[in-house]
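Worksheet: the structure to be examined is printed underneath.
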Amino acid sequence: MAATPSTSPNSSNPSSHNDIPEDNLILIDEEENALEEGLADNIVSSPKQPTRSLDYNAIKTHNGQLYSGMAIGGSHTWNYDQGTWKETKEEPDLWRIDYQTNKRRARNAPKGSGAPVGTEYHWLIIGHQHVRKVDANTYETHLTGSKYKLAHKSVSAGTWSIPTVQGQRERKLELLDDAKRRVRGLPPVLASERVKGEERLEQGQQRLDTLFGKVKRGSGGVGECDGSRKRKKM
């Protein structure tokens with residue numbers, strides 16, 4: 001989706017990170033190091049400790065916003081324990097969902113990196129869940145989308161970075177507006193353009209274009225192939 005720097009859902013762009021309370025900076029996050037791959041925008045300052053977590057703790061900028069923690073371009077890979085997804089239909093096209101489980105790293109976090117144990121995050125997820133019924137009781141499911149950090153609660157502060165219900169509601173509206181802008185910023189399409197579904201093949205099946213491609217590579221066509229064989233026999 002197209003980025004919208006001028007309408008970022010994050011806080012206003014300060015001139016110096018010294019003016020920002022530590023708890024208002026994006027908390028340290030963990031895992032794959034985007035800095036080593038040159039994906040981070042800019043490093044403003046680094047912590048004094050010469051550890052592997054230096055890159056994570058450094059104050060960075062992105063489109064004018066100061067933050068710390070995982071650099072832009074870093075990623076996590078999680079394995080979710082078996083959990084229970086409960087959904088309740090509230091309107092013809094609206095379901096209320098509730099899902100709870102533990103998620104675990106696919107590999108251990110680098111030593112000395114990451115937020116302190118007890119840190120909490122409140123994410124707003126904007127996503128697409130594509131499902132396909134396999135049998136009477138089974139569905140394949142694939143979830144894609146984005147998640148926004150609505151608020152966090154550090155161990156030292158003991159309170160949410162946006163401490164009031166009203167403040168978190170306003171933040172939610174701000175993030176939803178950002179998601180709307182990103183959809184509107186997608187490349188234009190024709191009104192008649194159809195949504196493309198994922199093509200699935202049963203075991204042993206081949207696509208027609210693959211079959212005809214083999215024929216063309218061999219002798220240019222089915223009829224020509226048969227004819228050439230006959231002529232050779234004669």
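Remark: pairs (first residue in segment 68-84, in a strand (DSSP E or B); second residue small (Gly, Ala, Ser); Cβ separation under 7 Å; 6+ apart in sequence or on different chains) = Trp78/Ala106; Asn79/Ala106.
This table checks each residue for (1) loosely packed, with under 10 Cβ neighbours inside 10 Å; (2) in contact with a helix residue (DSSP H, G or I) (Cβ under 9 Å, 6 or more places away or on another chain); (3) at positive phi.
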{"residue": "Asn63", "(1), (2), (3)": "no, yes, yes"}
{"residue": "Thr77", "(1), (2), (3)": "yes, no, no"}
{"residue": "Tyr99", "(1), (2), (3)": "no, no, no"}
{"residue": "Lys103", "(1), (2), (3)": "no, no, no"}
{"residue": "Thr119", "(1), (2), (3)": "no, no, no"}
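Of note, Val134 does not satisfy the criterion of being assigned to a loop (DSSP other than H, G, I, E, B) and more than 19 Å from Tyr67 (Cβ to Cβ).
Just so you know, all these numbers are worked out from the coordinates, no wet-lab data involved. Here the structure is a predicted model, which means the values were calculated and not measured. Methodologically, a virtual Cβ is constructed for each residue, glycine included, from the backbone with ideal geometry; neighbour enumeration extends over all protein chains shown.
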